[in-house]
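The values are calculated or read from the model by the stated rules, or taken from the named source; none is laboratory data. The structure displayed is predicted, hence computed values, not measured ones. Using ideal geometry, Cβ is built from the backbone for each residue, glycine included, and neighbour counts are taken over all protein chains shown. Ligands, DNA and RNA are stripped out before the accessible areas are found, and what is left, the full protein with its side chains, is counted by its heavy atoms. Shrake-Rupley method; radii C 1.70, N 1.55, O 1.52, S 1.80 Å.
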Amino acid sequence: MKNFFKKVFAVALIFINATLVFGQDSFSLDKVFSKVDRVIMADNYDLAEFLLDSLTNTPEYKGNIKLKIDLERARLDAVQNKTKEALSILLDGLTIAQQNAYNPYIIPFSYEIASGFSLIENYDNAFKYFRITLEYAEIQNDSLGKSMGYIGLGGQHFRLYREKKLDSIHEDSLNYYYNNTIKLFPKKYTDKTILRQVYTNLMSYCYYSKEFDKADIYGNKSLLLLKNLEDSIKAQNTFNTLGAINIGKKDYKKAIEYYSISYNLVKDRKDIVSATAMGRSFGNISDAYARMDSFKKAYEYRLLSIGIKDSLAEVTDKRGYALVAGQYNYTEKERLAIEEKNRRQRTELWLYIISISSVLVLSLLFMVYRSRRLKREKQLLVLEQETLVKESALEKIQNEAQIKILNATIDGKETERRHIAEILHNSVSALLSSAGLHLQAAKLTLKEQAPEEIAKTQDIVSEAGEKIRDLSHTLISSVLLKFGLAFAMDDLCEKYSNSKITFKAESNNIKRFESEFEIKMHSIIEELINNILKHSNASYANILLKQYDGKLEVRIFDNGTGFDVAQMKKKKKVGLGLTQIEARIKMMNGVFDIKSSEETGTRIYINVPVPVKKA
């Protein structure tokens, strides 16, 4: 009777408040819902539902007021484990609210949906709806909404981090989101639930990371933000974690104090969640006493913990039996009919099992035979592949060795040619010039009495000097040695141009390089020019030189008949063929590319790094 009068009195108050709320803009529903929240926390779900029904049955139940009432209804259903009903209300409400991007109820509806998915460990949908919360909070510039989105996303990363133990991605993400929650949380907002939850989560994160001192700090910050201990479940979770932190710090007495506070917060509650929390507190106290070698007390608290767990199991079993009895309460006649039917089904089932077993055995034998055959074939295939890999590796080593030998041979030849050219130019040519001067002096001294042999000797010495210069130039271009690669290209183009083909050289920003580098590039380009002369049937060829970013780029074009590049590389040529040229450029850490066709002629591209000049 007392409960009845309490209900009537509460409903009267609700109707009075509702009338004021719906009739005047200056009032709000917050006080009404505060009353509903207190009723829910007192486990009086019937009264809370009755009060919400009273608000629903009014003409003003529409628009944002309807959304506000529906949101409270969904929260009540969630507390009573009516998850389908709660989710249905929340999804419908979110759909209605999203018709206007600035509707303030988009944020709480999406947040509640995400929280529900998080509880059942459906992290993909939890992330999706927490991101919707954050997205619309950004659109509406709602600091509290942003904090809700960030704490939700941080919470998902914390759960994933906790499950996987070590994952730097989730660790970095949860720190980022939690720091943003604290940063954006509105300072003037009186309800600090979100901020308290951040500190509680950070405390748990530090506990799992074994940073017990930091965890202690966050735990105390969380407790300071508890306005009161009405929400005993959340408070006891915080005290339980603080107890675990002190276990980690080996302060077992302090841990027992926290576990005892946790137990006292829920000891007078009758719901299963609170009973589970009490059992966990007793178990934790037992563990702490065992660590202190106080085994008698540890045993006593362990018995209390086991007793609560057994009583919970008994309640669960009774509910299970009641469910079974409600579903299968048949009459005796129905029971006999069902037994006969079951008997026939069992007989048929055994026949099916025997048939299927026979098929399975035969299939298994066939699969074993096939598996062995495939295994043998696979072994042979692996052996062949290993052989091919070894042969390929050996061939690669041989090719690399041949390339190195070839480059060494060519470098040696170029060095020798340069040495001979220098001797001819600097020594022999100088001696012949000196001899010519002496002969000229003798001729001037003797005048008319000079014998005819002096003039003939002068002619012979002059001819020998010219041949020596020609030979020196053939071995190494004197223009290259004196003026560099750009001028040497002009000299080559002039040298090889004739009535059938014209060579033209263009250079851009070309400076002097190291002598060895210039000789190598000159030799390569000259060989390519010789190939154009021998095989291209071209009437025009162009050589472009460009220096940039520490690299030398060479492009050679002709309008000849072209050729099959792949086939040409396979042919073994004497001297510097295309393959040898490519090998030389590769040894210089460069790039060599050639394209050729009958329509466009041949295009050659070379790009090599320019060596730094030695000081």
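Inter-label distance, A442 to N530: 4.1 nm, where each label sits 7 Å from its Cα along the C-beta direction.
Among F130, F212, the sequence by solvent-accessible area, most first, with a 1.4 Å probe is F212, F130. In a fully extended conformation the segment linking D53 and R131 would gain 24.9 nm over its present Cα-Cα distance, using 0.36 nm per residue.
I want to check the label-to-label distance for S294 and K192. Put each point 7 Å from Cα in the C-beta direction and report it in nm to one decimal. Between S294 and K192, the simple spin-label model gives 3.2 nm. A Förster radius of 45 Å combined with the Cβ-Cβ distance from A464 to N537 puts the calculated FRET efficiency at roughly 0.70. Taking a ≥ b ≥ c as the square roots of the eigenvalues of the Cα gyration tensor, an a/c ratio of 1.5 or more together with a/b no larger than b/c marks the stretch 487-534 as oblate. Peptides 437-447, 525-535, 504-514, 340-350, ordered by how many other C-beta atoms sit within 10 Å of their residues on average, highest first, read 525-535, 504-514, 437-447, 340-350.
Positive contributions from Lys and Arg (+1) and negative ones from Asp and Glu (-1), summed over other residues with Cβ under 12 Å from the Cβ of R73, come out at -4. If you take the square roots of the eigenvalues of the alpha-carbon gyration tensor of the stretch 492-569 and sort them as a ≥ b ≥ c, do you get rounded (a/c under 1.5), prolate (a/b over b/c) or oblate? Prolate, since a/c reaches 1.5 and a/b exceeds b/c. Here the extension length gained between D37 and E453 equals 136.5 nm, from 0.36 nm per residue of separation less the Cα-Cα distance.
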